[in-house]
Amino acid sequence: QVQLVESGGGLVQAGGSLRLSCAASGLTFSNYAMGWFRQAPGKEREFVAGIRWNGISTRYADSVKGRFTISRDNAKNTVYLEMNSLKPEDTAVYYCAADKFTLGIRYDPRQYDYWGQGTKVTVSS
């Protein structure tokens, strides 16, 4: 069965950094584009970053562009999200997701096939 497991969340001060990881199993990892989404209290789930199946291209939400970096290691079946210069408004539960049979990167969470259970990131002021 497909399983995505996020890790690396926690409490950090504004301006600090965290690196999230998402380990995938039960799927052919290189067949999937991967994305990171987040959901803050009272807010809709939103796209944060995405990466093509081969890692050759990436996409970011405007709110995190220049601060966050998505990467993947297909040999390890793992996708990462490095978050720098964190702001209180980055506080959310962060989810990784897998999108099969696409050559690109999609933004709609409804188009993703598999989801992790999330890891919480809290940024204090």
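The values are calculated or read from the model by the stated rules, or taken from the named source; none is laboratory data. On a predicted model such as this, the values are computed, not experimentally measured, just so you know. Glycine also receives a Cβ, built like all others from the backbone with ideal geometry; neighbour counts cover every protein chain displayed. In case anyone asks, the SASA skips ligands and DNA or RNA and just uses the protein heavy atoms, side chains included. Shrake-Rupley method; radii C 1.70, N 1.55, O 1.52, S 1.80 Å.
Observations, loosely collected:
- Charge tally around residue 40: other residues with Cβ under 10 Å, Lys/Arg +1 each, Asp/Glu -1 each, net -1.
- Across the range 88-93, computed HN-Hα scalar couplings (Karplus, 6.51 cos²θ - 1.76 cosθ + 1.60, θ = phi - 60°) run x, 6, 7, 4, 4, 8 Hz from first to last residue, x flagging Gly and Pro.
- For the range 17-85, the share of accessible area belonging to carbon and sulfur comes to 43 percent (1.4 Å probe, ligands and nucleic acids excluded).
- Where labels lie 7 Å past Cα in the beta-carbon direction, separation of residue 17 and residue 125 in nm: 2.6 nm
- Inter-site label distance for residue 102 and residue 46 at 7 Å from Cα along Cβ, in nm: 1.8 nm
- The range 1-60 - accessible surface per residue (Å², probe 1.4 Å): 51 Å²
- Partners of residue 43 within straight-line reach, counting lysines whose Cα lies under 21 Å from its Cα and excluding those fewer than 8 residues away in the same chain: 65, 87, 120.
- Kirkwood Rh, angstrom, the range 3-125 [1 / mean 1/r, Cα pairs]: 14.1 Å
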